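Report on the structure given below.
The values are calculated or read from the model by the stated rules, or taken from the named source; none is laboratory data. Keep in mind that what you see is a predicted model, and the values were worked out from it rather than measured. Because the Cβ atoms are built from the backbone with ideal geometry, glycine has one as well, and the counts that use them run over all protein chains shown.
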Amino acid sequence: MGLSRDDWARAALFAIAESGTSAVAVEPIAARLGATKGSFYWHFPNRAALVSAALELWEASATDDVIAALQDVTDPVERLRLLMTEAFCQDEEGRAEAALLASSDDPVVGPVVRRVTERRLAYLVELFADLGLTPLEAGRRARLAYGAYTGWYSLRRIAPERMDPDERDGYVDHVLRTLVAPTS
């Protein structure tokens, strides 16, 4: 059975997670997949199209699908807990996230990262508003939640010796307690 466009996009996203967007190169990804360059060109006209497909996959799996999965959770505290648990347990997506954030000045990567960030922040603001917070406080907590998430994976990328993966659950619990604490 041949490789699909999504197989290539997943492999590109894995390469981004490992080594950043510069790691998206046809020959090494083809070798990793046990495929030929011809298979690549069957699905994509060039490297930029592969990067775009990886970005689409990342946006769908790490944003759209996560938000959709939480749609029926009516308790906002439980929705936040599930969201944070899911977000912090996606190591490969988190590593890709840190690499993509680091490449946000790239003309292909930047617009997608900004769109995803805006969508996630809007979702978090809505979630905190559901907790009864004012728009101002909901926005602040949304930025705090998102910063805690992106910070965790960015630090794991640039200072892994300072980020013990075994401490992740304690970190998530601390972040959740901070985010749902009453306003003063």
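Residues in the range 120-155 that are of a type in the set (S, T, N, Q) and within 30 Å of Asp166 (Cα to Cα): Thr150, Ser154.
Annotation note: of Ala9, Ala69, the sole residue that is of a type outside the set (Phe, Trp, Tyr), crowded, with 19+ Cβ neighbours inside 10 Å, over 19 Å from Ala148 (Cα atoms) and modelled with pLDDT of 95 or more is Ala9. Can you confirm whether Arg157 is assigned to a helix (DSSP H, G or I), in contact (Cβ under 8 Å) with a residue 60 or more places away in the chain, in contact with a Phe, Trp or Tyr (Cβ under 7 Å, 6 or more places away or on another chain) and not acidic (Asp, Glu)? Considered against the rule, which asks whether it is assigned to a helix (DSSP H, G or I), in contact (Cβ under 8 Å) with a residue 60 or more places away in the chain, in contact with a Phe, Trp or Tyr (Cβ under 7 Å, 6 or more places away or on another chain) and not acidic (Asp, Glu), Arg157 comes out as no. Just one of the listed residues (Arg143, Arg95, Arg115) is closer than 24 Å to Ala23 by Cβ and exposed (fewer than 15 other Cβ atoms within 10 Å of the Cβ), and it is Arg115. Looking across the range 172-184, the residues that are assigned to a helix (DSSP H, G or I) and surrounded by fewer than 17 Cβ atoms within 10 Å (Cβ to Cβ) come down to Asp173, His174, Arg177, Thr178, Val180. Here Ser104 passes the criteria (1) surrounded by fewer than 16 Cβ atoms within 10 Å (Cβ to Cβ); (2) under 14 Å from the mean Cα position of the chain (by Cα); (3) in a helix (DSSP H, G or I) except the one numbered (3).
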